[in-house]
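Step one of this worksheet: look at the structure below.
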Amino acid sequence: MKLKVGDNVRVIAGKDKNKEGKIHSIDRKKGRVVVEGVNMITKHTKPSPSNQQGGIVHQEAAIDASNVMYLHKGKPTRLGIKVTTEERNGVQKTVRQRVAKSTGELID
């Protein structure tokens, strides 16, 4: 998965299609991401020592990573990997960088 926490993404499928937000967390094993303000669910909680009142809580739920696209300069794009070799102090090191497929620009 080429997405990272903090990336801005747009939802391309599902009930929240065309919504945008930042990635809060990623579950790489299940291939799911949590995006702020997207896929809101209603959760009923019981009163507990930490939550005195209990009640109804609204929170984001995970969606499949295939349903989001990375936003590069405000437009959704696919991501690729560019592998380069870099030499420092006589030692060669391979460096992997993310690339926007639409423009070919490197992403920090």
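Of the trypsin sites (Lys or Arg not before Pro) found in the stretch 37-86, the ones in coil according to DSSP and having at most 15 other Cβ atoms within 10 Å of their Cβ are Lys73, Arg78.
Are any of the pairs Lys29/Lys75; Lys4/Lys30; Lys22/Lys46; Lys2/Lys101 more than 23 Å apart by Cα-Cα distance, and if so, which? Can you show the working numbers first?
On the way: Lys29/Lys75 27 Å; Lys4/Lys30 15 Å; Lys22/Lys46 29 Å; Lys2/Lys101 12 Å.
With Cα atoms farther than 23 Å apart: Lys29/Lys75; Lys22/Lys46.
Note on Cα Rg over 2.2 N^0.38 Å: of the candidates (1) 1.29; (2) 1.35; (3) 1.43, the value calculated from this structure sits at (3).
Across the stretch 13-26, computed HN-Hα scalar couplings (Karplus, 6.51 cos²θ - 1.76 cosθ + 1.60, θ = phi - 60°) run 8, x, 5, 9, 4, 6, 7, 10, x, 8, 7, 8, 8, 10 Hz from first to last residue, x flagging Gly and Pro.
Listed values for the stretch 58-72 are Karplus-derived 3J(HN,Hα) couplings in whole Hz (6.51 cos²θ - 1.76 cosθ + 1.60, θ = phi - 60°), namely 9, 8, 7, 10, 6, 10, 5, 5, 6, 8, 10, 10, 5, 9, 10, and x replaces Gly and Pro. Distant-in-sequence amide contacts of Asp7, defined by a placed amide H-H separation under 5 Å and a gap of 5 or more residues or a different chain, comprise Ile23.
The phi torsions of the stretch 97-108, fed into the Karplus equation with coefficients 6.51, -1.76 and 1.60 and a -60° offset, translate into couplings of 10, 7, 10, 7, 5, 5, 10, x, 7, 6, 10, 5 Hz, rounded to whole numbers, with Gly and Pro shown as x.
Every number in this text was worked out from the coordinates using simple rules, so none of it is lab data. Everything quoted here is computed from the prediction, not taken from an experiment. All Cβ positions, glycine included, derive from the backbone under ideal geometry; neighbour counts span all protein chains shown.
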